[in-house]
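Some notes on the structure that comes next.
Every number in this text was worked out from the coordinates using simple rules, so none of it is lab data. Quick caveat: nothing in here was measured; it's all calculated off a predicted structure. Because the Cβ atoms are built from the backbone with ideal geometry, glycine has one as well, and the counts that use them run over all protein chains shown.
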């Protein structure tokens, strides 16, 4: 129940996988339009990512908000760093900054998609 | 304007003295979605332009807004889309 256990789990997740999306539902069956929008962007870019469904675990759902000082879900992490939520991911995708960030971090994608 | 929207508007005006502010209730666009309530005022979009955001990154800007609206987000507001700008930004 301690925050530390949840934070440790979050650190594990974002430390072990290049691109992690904390979301409601799964990449195949998102349970929220905002989560679905981020999945769509990542899929369009051909980025391999891990979706973590916060609806499966109330302590994670609360913990991820405290971890990032960010009160909403989805939350996207690249190489352990918090990138943003749905608005930011969409804006960065539209401006090309997201593609640049992924390239800078050495994350493979299908840029021609 | 509903009570929640009025409350958020007042807090944002007090905190940022924005040159542009729109608190838009989009609850109707999310009919039946998670968190949706018949009474409305669960899904919002906020557009805000203020000098306080100049020179700040995207994440920091949104955190500044979230902080002011923390009670609303912990309470009745299920979803909040943000467009945060500094004056002069397209």
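Determine, for B:78, A:44, B:31, the number of other Cβ atoms within 10 Å of each Cβ, and report the residues in order from fewest to most. Walk me through the numbers on the way to the answer.
Values: B:78 19, A:44 12, B:31 9.
With the sparsest Cβ surroundings first, the list reads B:31, A:44, B:78.
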- Item | Cα→Cβ-extended label distance, 7 Å offset, between residue A:44 and residue B:89, nm | 2.1 nm
- Message: Using helices alone, I'd like the mean residue ellipticity at 222 nm for chain A: each DSSP H run of four-plus residues gives -39500 (n - 2.57), total over residue count, nearest 500.
- Response: -14500 deg cm²/dmol
- Distance between segment A:72-113 and segment A:47-69 - C-alpha centres, whole angstrom: 17 Å
- Query: In degrees from 0 to 90, rounded to the nearest 10, what is the angle of the helix A:86-95 Cα long axis to the longest principal axis of chain A?
  - Reply: 20 degrees
- Task: Residues in segment B:25-58, backbone N under 17 Å from the label point at residue A:103 (7 Å along the Cα-to-beta-carbon vector): list them, ranges by number please.
- Result: none
- Task: Take residue B:25, project a point 7 Å from its Cα along the Cβ direction, then tell me which residues of segment B:53-90 have their backbone nitrogen under 13 Å from it.
- Result: B:77
- Message: For the ranges A:71-82, B:2-13, what's the packing order if you count other beta-carbon atoms within 10 Å of each residue, average per peptide, and put the highest first?
- Response: A:71-82, B:2-13
- Query: When the Kirkwood hydrodynamic radius is evaluated over all pairs of different C-alpha atoms of chain A, what value in angstrom, to one decimal, is obtained?
  - Reply: 14.0 Å
- Nearest 10 degrees, 0 to 90: helix B:3-16 Cα axis against chain B principal axis: 10 degrees
- By Cβ neighbour count within 10 Å, fewest first, B:64, A:92 rank B:64, A:92
- In what order do A:10, B:68, B:48 fall by count of nearby beta-carbon atoms within 10 Å, going from fewest to most? B:68, A:10, B:48
- Query: How big is the C-alpha Rg of the protein assembly as shown next to the rule-of-thumb value 2.2 N^0.38 Å, as a ratio?
  - Reply: 1.03
